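The values are calculated or read from the model by the stated rules, or taken from the named source; none is laboratory data. Owing to the predicted nature of the structure, the values given are computational and were not obtained by experimental measurement. No Cβ is skipped: glycine too gets one built from the backbone with ideal geometry, and neighbour counts run over all protein chains shown. Quick note on the areas: whole protein, heavy atoms, side chains included, nothing else; ligands and nucleic acids left out. Shrake-Rupley method; radii C 1.70, N 1.55, O 1.52, S 1.80 Å.
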Amino acid sequence: MKVLKFGGTSVGSSKNINKVIDILKNYSKDDSIICVVSAVGGITDKLIHVANLALSKDLSYIDSFNEIKKIHQDIITELIPNKNNTVLKAVEDKLHKLKSLLDGIYLINELSPKTSDKLVSYGELLSSFIIAETMRSRGLGVVRKNSQDLVVTNSSFTKAEVDFTLTNKNIRDYFKKSNQSITILPGFISKSKLGEITTLGRGGSDFTAAIVAAALKVNQLEIWTDVSGMFTTNPKMVKQAIPIKQLSYQEAMELSHFGAKVLYPPTVQPVLDLKIPIHIKNTLNPNDSGTIISNKSNGASGAAKGISNISNIALLTLQGNGMVGIPGFSKRLFETLAQEKVNIILITQASSEHSICIGIDANDAESAKTAIDLEFENEISLHKIDPLIVETGLSIIALVGDNMKSHQGISGKMFSSLGKNNINIRAIAQGASEKNISAVIAEKDVKKALNTLHEQFFEGNIKQLNVFITGVGNVGEKLIEQIKKQQEYLRENLKINLRVIGLSNSRKMVFGEHGIDLGNWIDQLEKGSKASINGFLDEAKKLNLRNSIFVDVTASQNISDLYPEYLKSSIAVVACNKIACSSEYENYNKLKSLSLDYNVPFLFETNVGAGLPVIDTLNNLIASGDKILTIEAVLSGSLNYIFNHFNDSNKFHDIVKQAQKEGYTEPDPRIDLSGVDVARKILILARESGTELNLDDINNDSFLTKANLESDSVDDFYQTLIDEEVHFQNLFTSAKSKNCQLKYVAEFNNGKAKVGLKEIPEGHPFYDLKGKDNIVMFYSKRYPDQPMIIKGAGAGADVTASGIFADIIRAENE
Ligand code: ADP
Ligand code: ASP
Ligand code: MG
């Protein structure tokens with residue numbers, strides 16, 4: 001004999017009921033079957049809702065009732081499409097009684113727990129009747145037995161306690177006499193010893209099935225639901241969750257007690273001692289292997305088995321100096337809660353005994369507070385303890401596994417990964433058995449916490465990076481192309497799942513919580529919402545995804561002003577934009593401190609030398625104990641391009657125009673030609689070398705004339721270049737006469753920095769610098785005579801994009 005239970009979704013539509021019937025037909029070939037069914041999916045909630053409408057004198061209860069009626073009528077007509085449908089007639093009679101009950105609630109304005117149980121019992125009574133009658137109409141040998149005649153409870157309505165002696169006897173007596181191959185039983189519903197209708201608590205059909213399985217000592221209990229087993233965590237919250245093949249009874253109990261809804265927590269109890277395995281299966285995919293819960297745990301593969309969560313938690317804190325060392329406080333506290341019938345979910349107490357913290361269902365918080373403050377009224381008035389502190393809006397997350405105790409560092413890993421993602425932990429509980437480590441966190445962080453922990457413990461080290469890119473011009477576009485090309489490589493070789501979650505240009509922005517499809521991102525962005533710098537930040541914060549990285553590929557100050565907000569929200573910042581790092585020292589320093597305080601990277605490699613690893617190298621030298629003495633560098637790809645092309649057979653103006661046309665200068669070429677851009681770069685290198693410096697401190701020996709510098713517009717500037725051609729020709733001739741090349745050089749030495757045009761003699765490493773190349777020479781304590789040299793293309797969309805890309809990957813490793 002086997003007991004199979006089918007949940008709400010499994011019997012939620014005629015299509016699914018047909019699947020259930022197929023499964024039962026199949027099983028009943030070899031064995032007799034007891035099939036426990038839930039109400040049609042969602043009906044119990046709807047019944048409670050309609051009753052509350054009637055109670056609050058809201059006449060829309062009639063519409064809600066009609067909706068419930070229609071759901072059942074539709075299912076019957078689809079399952080039994082006869083003209084003269086007696087089943088439909090019988091169900092309508094039952095629904096009529098339900099309607100009278102609701103009318104009564106409406107009229108007398110009262111809904112007791114007893115009436116509520118009577119009302120919700122209709123859900124299972126109707127579903128079991130419909131399924132049994134459908135099977136009978138198809139010629140199958142089936143009987144329906146009302147479990148209210150079998151399961152006996154006390155009178156604790158809405159969650160009654162089972163009298164196992166009477167219940168077991170009833171079940172055994174009934175099935176001894178029955179020789180039906182299939183018996184259908186409604187789950188969840190029962191009767192008290194006084195004959196009142198009771199229920200076993202929400203989700204209680206699982207329990208009914210376990211009670212029957214244990215009473216009859218069957219060899220297997222199967223719970224059929226809408227997912228393929230007990231998952232590593234709630235699959236609705238974590239896409240990567242996978243079914244757990246095997247669980248011990250204890251693990252299943254811990255996971256279900258801490259919120260894994262797929263199994264009603266008391267279900268394990270009746271079958272545990274008899275060692276009856278529970279098999280969780282998926283009605284929608286019957287061939288999936290599902291989860292087996294027995295007295296075996298396959299803990300060898302990994303210590304943690306699953307993560308669950310309970311929402312709507314309130315944390316009660318009782319504290320005060322008067323509690324220290326005085327026995328009896330906890331006893332009184334727990335007794336008070338017991339009298340109020342408040343279920344305690346989690347307890348923590350620091351060894352100082354100065355405070356005790358208790359996690360309960362938030363619905364009980366008000367009554368708990370009133371009762372506890374009353375119990376300790378005297379001590380509160382004497383200031384020995386404080387009035388009870390109640391915090392709401394919380395959740396519990398729990399990491400579960402029988403073998404966690406034999407693995408070191410699990411809680412360390414758990415809390416450090418939560419901390420790294422800025423998830424604040426309000427309380428922690430870990431039993432000495434170490435089967436469960438629980439933490440209380442803010443409700444808003446639950447999804448992020450589950451995903452973070454899941455990644456940490458169950459995803460074979462695959463790490464997800466969630467990137468928000470703002471600025472999709474030349475460089476941004478290249479970056480997206482590179483990410484698209486590399487996604488698969490990163491997943492396979494570096495175990496990084498890199499997803500672009502948000503994209504913005506100056507007009508539009510778009511988000512995709514599960515990653516934007518980079519195949520048609522341009523279209524998606526065009527169809528996006530109106531761009532907003534603050535809106536982009538708010539959305540990134542709201543999505544609250546782990547390992548989030550904000551990438552700034554703009555040159556906008558308004559955007560760089562928001563870096564602190566990103567960092568404070570534990571979102572890493574990768575900036576191609578130089579403004580923040582070359583702004584006031586105080587601001588630069590604040591960003592560096594925020595990055596340290598919030599343990600979140602702030603990276604800006606492309607601020608100097610585009611994709612060349614200049615800042616990273618500098619940081620590594622310093623981190624390993626070296627000290628930078630001097631930096632000499634050619635840092636402007638645009639100026640290098642200009643002076644490499646300018647000679648006595650062309651015009652300075654034309655070369656600058658050409659450089660701009662080819663995209664080597666800023667839109668306003670004065671930023672490059674005035675040397676400001678180079679000054680910003682050497683400033684950043686000086687700061688990264690540990691020197692407190694501002695842009696004003698940098699000596700800028702400009703090669704431009706007064707007229708060039710005083711031009712008011714780009715056009716005006718170009719005109720002054722034509723007017724001052726002689727000046728530029730002189731610069732060239734002077735250098736040529738000494739067999740020198742003109743290079744725009746940045747120097748940092750002894751805490752001071754300067755930039756300016758220099759005549760570089762043959763043989764100097766700068767002399768042969770081609771095209772738009774950059775070169776940086778670090779003289780340090782370890783490289784005092786022969787500098788460390790970094791050289792290569794220092795401008796261009798492709799190399800800059802690859803530098804940003806490298807920062808994104810670096811952010812993952814930090
Ligand atoms: P039924 O109606 O079949 O009793 P339930 O809704 O009670 O089904 O339970 C199944 C649901 O439990 C799943 O759809 C899923 O959303 C939720 N759930 C929460 N945690 C887990 C978990 N760890 N594994 C599987 N399902 C879970
Ligand atoms: N129908 C009941 C509920 O929704 C019992 C169950 O489905 O297990 O809680
Ligand atoms: Mg359920």
Quiz item: How far apart, in nm, are the 7 Å Cα→Cβ label points at residue 165 and residue 789?
Solution: 9.6 nm
Quiz item: When we measure straight from the Cα of residue 118, which lysines land under 21 angstrom away, once same-chain ones fewer than 8 places off are left out?
Solution: 46, 57, 69, 70, 94, 97, 99, 145, 159, 191, 193
Quiz item: Which length gain, in nm to one decimal place, applies between residue 542 and residue 29 when the Cα-Cα distance is subtracted from 0.36 nm times their residue separation?
Solution: 179.3 nm
Exercise. Tabulate in residue order the Karplus-calculated ³J(HN,Hα) for the stretch 57-69, using 6.51 cos²θ - 1.76 cosθ + 1.60 with θ = phi - 60°, rounded to whole Hz; enter x for Gly and Pro.
Key: 6, 9, 5, 5, 4, 5, 4, 5, 4, 4, 5, 4, 4
Quiz item: Ignoring ligands, DNA and RNA, what percent of the 1.4 Å accessible area of the stretch 700-754 is carbon and sulfur?
Solution: 49 percent
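Over the stretch 396-469, with every protein chain in place, what whole percent of the accessible area is carbon and sulfur at 1.4 Å, could you tell me? All intermediate terms of the calculation are to be shown ahead of the outcome.
Values: 1330 of 2680 Å².
So the carbon and sulfur contribution to the accessible surface is 49 percent.
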Quiz item: Angle between the Cα long axis of helix 113-137 and the longest principal axis of the chain, 0 to 90 degrees, nearest 10?
Solution: 80 degrees
Practice problem: May I ask for the distance between the Cα centers of the stretch 483-527 and the stretch 134-155, given as a whole number of Å? | Solution: 54 Å
Quiz item: How far, in degrees from 0 to 90, does helix 86-108 lean away from the longest principal axis of the Cα atoms of the chain, to the nearest 10?
Solution: 80 degrees
Quiz prompt | Simple Cβ-charge dipole of the chain, Lys/Arg +1 and Asp/Glu -1, about Cα centre, in debye nearest 20 | solution = 3780 debye
Quiz prompt | Dipole moment magnitude, nearest 20 debye, the stretch 553-700 about Cα centre, only Lys, Arg, Asp, Glu C-beta charged | solution = 160 debye
Exercise. Pull up all non-local amide H partners of residue 426: gap of 5 or more, or a different chain, and H-to-H distance under 5 Å with H placed in the peptide plane.
Key: 440, 441
Exercise. Give the accessible surface of the stretch 497-596 per residue, rounded to a whole number of Å², with probe radius 1.4 Å and ligands, DNA and RNA excluded.
Key: 42 Å²
Quiz item: Taking the Cβ-Cβ separation of residue 384 and residue 730 as r and a Förster radius of 60 Å, what is the calculated FRET efficiency to the nearest 0.05?
Solution: 0.10
Self-check item: Accessible area expressed per residue, the stretch 348-480, with surrounding protein chains retained (probe 1.4 Å, Å²)
Solution: 42 Å²
Quiz item: How large is ³J(HN,Hα) for each residue in the stretch 785-801, as worked out from phi by the Karplus curve 6.51 cos²θ - 1.76 cosθ + 1.60 (θ = phi - 60°), to whole Hz, x for Gly and Pro?
Solution: 9, 9, x, 7, 10, 10, 9, x, 4, x, 7, x, 4, 5, 5, 5, 4
Quiz item: Taking R0 as 22 Å, what's the FRET efficiency between residue 136 and residue 97 from their Cβ-Cβ distance, rounded to 0.05?
Solution: 0.50
Quiz item: Given a 1.4 Å probe, how much area per residue of the stretch 598-720 is accessible, in Å²?
Solution: 40 Å²
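At R0 = 30 Å, how high is the FRET efficiency between residue 764 and residue 658 if r is their beta carbon distance? Nearest 0.05 is fine. Working shown, then result.
Working: r = 26 Å, r/R0 = 0.87.
So the FRET efficiency works out to roughly 0.70.
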Exercise. Could you pull out every residue, at least 5 positions away or on a different chain, whose amide H is within less than 5 Å of the one on residue 582? Hs are placed 1.01 Å off N in the peptide plane, and Pro or chain starts have none.
Key: none
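Could you size up the charge dipole of the stretch 682-814 around its Cα centre, putting +1 on the beta carbon of Lys and Arg and -1 on that of Asp and Glu, and report it in debye to the nearest 20? The partial results should precede the final answer.
Numbers: 14 positive and 22 negative charges, 151 e Å.
It comes to approximately 720 debye.
Going by average Cβ density within 10 Å per residue, which order do the peptides 133-139, 485-491 take, highest to lowest?
Numbers: 133-139: 16.7, 485-491: 14.0.
Output ranking for 133-139, 485-491: 133-139, 485-491.
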Quiz item: Any idea which of 780, 130, 543 is furthest toward the positive side of the dipole for the chain, if Lys and Arg beta-carbons carry +1 and Asp and Glu beta-carbons -1?
Solution: 130
Quiz item: Which distance in nm do the two modelled labels at residue 813 and residue 343 give, with both placed 7 Å along the Cα-to-Cβ direction?
Solution: 4.9 nm
Quiz item: For the Cα atoms of the chain, what angle does the longest principal axis make with the long axis of helix 725-737, in degrees from 0 to 90, nearest 10?
Solution: 80 degrees
Self-check item: Whole-percent pair-distance distribution, where bins are 10 Å wide, for the alpha carbons of the chain
Solution: 2, 11, 16, 17, 15, 12, 9, 8, 6, 3, 1, 0
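State the antiparallel share, in %, of DSSP beta bridges confined to the chain, rounding to the nearest 5. Present the calculation step by step, with values, prior to reporting the outcome.
Numbers: 72 of 121 bridges.
Restricted to the chain, the bridges split so that about 60 percent are antiparallel.
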Quiz item: Along the charge dipole of the stretch 480-550, which of 486, 516, 534 sits closest to the positive end, that is, farthest toward it, with unit charges on the beta carbon of Lys, Arg, Asp and Glu (+1, +1, -1, -1)?
Solution: 534
Quiz item: Between the stretch 609-637 and the stretch 784-801, what is the C-alpha centre distance in whole Å?
Solution: 9 Å
Quiz item: In whole percent, how big is the carbon plus sulfur part of the accessible area of the stretch 273-336, probe 1.4 Å, protein atoms only?
Solution: 52 percent
Self-check item: Charge dipole (the stretch 1-112, unit charges on Cβ, about Cα centre) - positive-most of 55, 13, 111
Solution: 13
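Output the pairs from 661/781; 444/530; 15/485; 29/176; 758/781; 542/661 with a Cα-Cα distance over 31 Å in this structure; if there are none, say none.
Numbers: 661/781 43 Å; 444/530 26 Å; 15/485 43 Å; 29/176 20 Å; 758/781 26 Å; 542/661 41 Å.
Pairs exceeding the cut-off: 661/781; 15/485; 542/661.
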Practice problem: Run down the lysines and flag those whose C-alpha is under 22 Å from the C-alpha of residue 405, throwing out any fewer than 8 positions away in its chain. | Solution: 245, 296, 305, 413, 435
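Based on the Kirkwood radius over alpha-carbon pairs, what value in µm²/s does the Stokes-Einstein equation return for the translational diffusion coefficient of the stretch 1-133 at 37 °C and 0.692 mPa s?
Details: Rh = 15.6 Å.
The estimated diffusion coefficient comes to 210 µm²/s.
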